[in-house]
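See below for the structure under consideration.
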């Protein structure tokens, strides 16, 4: 087996996305958005470095009209078809050479088609949201759409002043001109393109002071339900910090869109819920825990290959069980027994460490991933398992991770070999027995 080879998943999961010939270090996005007609005008400036000699390079971008492309300030030739922007710079780029790309584009953003429906920029009843996982980023900005190519971001959005804009990172500017307001956010910690997000709606906000600072953005009609349903979030962060290590970003924002959403949406430093996820009785608190846990597992530690999706979803699902345990609900043992029985009744044809592209969001990935961690916890013991998790999040903070890296770390911390455990839980098809 070839371990940690950077191109493996790309060839088998999303071969049409990304370009290995360069890496983007910073995205600067200037966006002007008109809500009613769903009209987006953008200027994207990418600061990059060539990792190989380049006579041409590719960007991922949906069906926008391209006005101009500049490479190091000079016009470049381009061809745009099938959501790929093929750019020929004025002069070839040498390996290791730094360069900038500026793309000016306009159009009506629409989601990227996928086996799971449309992904990316999506119109709401009155506003918009971005749900980019895993390949929705090109629906609204030109990018090198690789999960393992993380970069810093500056996102500026101008829209009608009636709307509130939330994007990743810290708000660094807000200015009004006529009937429009420009909002500026900066995400300093490196971020995968699919985690970049813009939320636009008629929101009011509530600041929750503490460490880290927390903010809620929501429709006023649901204010009391939302404040109650997210009322234990600070306790949840404290519980996760004890088990996973320090919260990895400067702040945390929750947006409740004024629409029903099929599932909550994950973004870096942010989670997005629908009004159907708040009932005033904390009926969806497990989802609050799940999305919060993604800030450690998915956003700070981001998979290097999409076949390793269990490193996101299995960990976030296990965090649901840990919060239940910490908050006086069912223990992780009880959750594990319940879900093991349910999975045992389902087809035994999924390999957790390589489920296949159409199964990366299969519920068995979530629950079997959590069961794998619970089995590891019971095998290693509390005194080894949680220190191992804290080392995992510290060692790879704001980086990318693979299954092989995790299993090697667990092997170092365990008092006995974990080889058979991981062989059966991660690479076998049949569901193993719980310890």
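If a residue has to be surrounded by fewer than 23 Cβ atoms within 10 Å (Cβ to Cβ) and closer than 17 Å to residue 167 by Cα to count, how many in the range 134-154 make the cut?
4
What is the one condition in (1) over 15 Å from the mean Cα position of the chain (by Cα); (2) within 23 Å of residue 350 (Cβ to Cβ); (3) surrounded by fewer than 21 Cβ atoms within 10 Å (Cβ to Cβ) that residue 328 does not satisfy?
So residue 328 meets the others, but not (2).
Given the criteria over 18 Å from residue 125 (Cα atoms) and either buried (at least 18 other Cβ atoms within 10 Å of the Cβ) or within 18 Å of the chain's Cα centre (by Cα) (or both), does residue 194 qualify?
Yes: the conditions hold for residue 194.
Could you tell me how many of the residues in the range 9-49 are surrounded by 17 or more Cβ atoms within 10 Å (Cβ to Cβ) and at pLDDT below 95?
Within the range 9-49, residues that are surrounded by 17 or more Cβ atoms within 10 Å (Cβ to Cβ) and at pLDDT below 95 number 2.
Only one of 393, 400, 375 is in contact (Cβ under 8 Å) with a residue 60 or more places away in the chain, out of contact with any helix residue (DSSP H, G or I) (no Cβ under 8 Å at 6 or more places or on another chain) and crowded, with 17+ Cβ neighbours inside 10 Å; which?
400
Out of 261, 287, 311, report the one residue that is closer than 25 Å to residue 147 by Cβ and in the same structural domain as residue 389 (by TED's automatic domain parsing).
Residue meeting the stated conditions: 311.
The values are calculated or read from the model by the stated rules, or taken from the named source; none is laboratory data. The structure displayed is predicted, hence computed values, not measured ones. As a convention, Cβ positions derive from the backbone with ideal geometry for all residues, glycine included, and neighbour counts pool all protein chains shown.
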